[in-house]
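Reviewing the structure listed below.
The values are calculated or read from the model by the stated rules, or taken from the named source; none is laboratory data. What you are looking at is a predicted structure, and each value in this text was computed from that prediction instead of being measured. Every residue, glycine among them, receives a Cβ derived from its backbone with ideal geometry; neighbour counts consider all protein chains shown. Surface accessibility is based on the protein's heavy atoms, side chains included, excluding ligands, DNA and RNA. Shrake-Rupley method; radii C 1.70, N 1.55, O 1.52, S 1.80 Å.
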Amino acid sequence: MSDSITIGLVSISDRASDGTYEDQGIPSLKDWLGKALTSPWTAVTRLIPDEQPVIERTLIELADTVGCSLILTTGGTGPAPRDVTPEATLAVGDKVMPGFGEEMRRISLNFVPTAILSRQVAVIRGQSLIVNLPGQPKSIRETLEGLRAADGSVDHVGIFAAIPYCIDLIGGPYVETDEAVIKAWRPKHAIRQKPAAV
């Protein structure tokens, strides 16, 4: 039996948060997670401006008060002056997890050379994994899910493959995925056997 996980979804955008345009980040994340996760989950959402103190307070609230085991942010990771999501994320983290940012840039470089301008980071705060994702829905899906060949086979595994085991290691709930979308990878000793049907 899988545990339920609470996931924080944070879209960081001045213009979306003030109503200039409709946010696409949170709906994209909800849609992808709805397809990818087979274990129970609940989303807690926040739409906030590109203000470092606001981002820090939001991440701390979701991790410490709400109890989100996973927090996914979208937006604010480029080189522009208002892009401060990585700085806010690093400021609240206990441990930096550099592999996530490295892998997201590597995936995105398959599509655009400007992927090297992205500054996504990931950190652990207490029992929460916080990951900065790109801002565009297409890029969100590609970095989470990975790249597929024309025949549907996986060319490059997305970062979400490693997230359930990371959550295991920091004391969070056991998260299971639909392998047709993304296969959660765990070492054999960490895989829970499904109960036999009666």
The chain: most fluctuating residue of 95, 35, 188 per GNM, C-alpha cutoff 10 Å: 188
Compute for the chain: radius of gyration divided by Kirkwood radius, i.e. Rg/Rh, restricted to C-alpha atoms, rounded to two decimals. 0.96
Cross-link candidates for residue 188: which lysines have Cα within less than 20 Å, leaving aside residues fewer than 8 places away along the same chain? none
Bridge orientation stat for the chain from DSSP, antiparallel percent rounded to 5, came to 35
Would you mind telling me the antiparallel percentage of the DSSP bridges in the range 43-136, rounded to 5? 55
Solvent-accessible area per residue for the chain at a 1.4 Å probe radius, Å²? 50
Selection from 58, 98, 79 lying farthest towards where the dipole of the range 1-112 points positive, charges on Cβ: 98
Length-normalised contact order for the range 1-145 - Cα pairs under 8 Å, 6+ apart - percent: 27
Determine how many Å³ per residue the convex hull of the Cα atoms of the range 1-76 encloses. 74
List every DSSP H helix in the chain whose Cα atoms extend 18 Å or more along the helix's own long axis and whose mean Kyte-Doolittle hydropathy is at least 1.6. none
Within the set 137, 98, 164, GNM on the chain using Cα springs under 10 Å gives the largest fluctuation to 98
Of all the accessible heavy-atom surface of the chain, with the other protein chains kept in place and a 1.4 Å probe, what percent is carbon and sulfur? 54
Just to be sure I follow: if Rg is taken over the C-alpha atoms of the range 123-187 and Rh is the Kirkwood radius over the same atoms, what is Rg/Rh? 1.00
Cα coordinate range in the range 32-111, projected on the principal axes (Å, largest first): 37, 33, 24
